[in-house]
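Reviewing the structure listed below.
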Amino acid sequence: RQIRNKETYIFNIIETELDKIKSKCFLILNMKILAVGNKVFTTCFMLSGVIGKEVNDSNDALNTVKQITKDDEIGLILMSEDVSKDIREELTEIRNKNPIPLIYEIPPPGSKVEKVEYRDLIKQLLKM
């Protein structure tokens, strides 16, 4: 009888933890995506149903990102590299403080592919 009670107790704990995980997954899957960049960049994403926020420069983009990180409904920010390249250090700090929303930089339409130094990025994230 005592073993049965322990099994029930453990089962209830596992079930409770699974419910917590399910609710977090549900929240993440229901979060919105926001595109931040120039008119062409945001319009391209808006055509696919993504919310767009047009910005004029890097400072405007940084202020927008700071505002958005307070919004619990936004799970992913897609930023145009032409506005994010000048504020990468600030974006890294924001990423370190706020894992959600995820901030992902994308080359703007018509740009050239740049080589990314992932080691340098990791060092920057780890502040080495």
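Select from segment 29-50 the residues that are within 13 Å of the chain's Cα centre (by Cα) and open to solvent by less than 60 Å² (accessible area, probe 1.4 Å) and list them in ascending order.
MET31, LEU34, ALA35, VAL36
Every residue in segment 98-117 that is outside any loop (DSSP other than H, G, I, E, B) and under 19 Å from ASN59 (Cβ atoms), please.
Residues satisfying the conditions are ILE103, GLU105.
Among the polar types (S, T, N, Q), at pLDDT 85 or above and open to solvent by 20 Å² or more (accessible area, probe 1.4 Å): is that true of GLN2 in this structure?
no
For segment 66-86, indicate whether the set of residues that are more than 19 Å from LYS32 (Cβ to Cβ) and open to solvent by 70 Å² or more (accessible area, probe 1.4 Å) is non-empty.
Yes, the conditions are met somewhere in segment 66-86.
Evaluate the following for ASP60: is it out of contact with any Gly (no Cβ under 7 Å at 6 or more places or on another chain), part of a loop (DSSP other than H, G, I, E, B), modelled with pLDDT of 80 or more and surrounded by 12 or more Cβ atoms within 10 Å (Cβ to Cβ)?
no
Test ASN98 against the criterion of being more than 17 Å from ALA35 (Cβ to Cβ) and at pLDDT 80 or above, and give yes or no.
yes
The values are calculated or read from the model by the stated rules, or taken from the named source; none is laboratory data. In this text the structure is predicted, and so the values were computed from the model without any measurement. Cβ sites come from the backbone with ideal geometry, for glycine too, and all protein chains shown count toward neighbours. Calculation scope for accessible area: heavy atoms of the full protein, side chains included, ligands and nucleic acids excluded. Shrake-Rupley method; radii C 1.70, N 1.55, O 1.52, S 1.80 Å.
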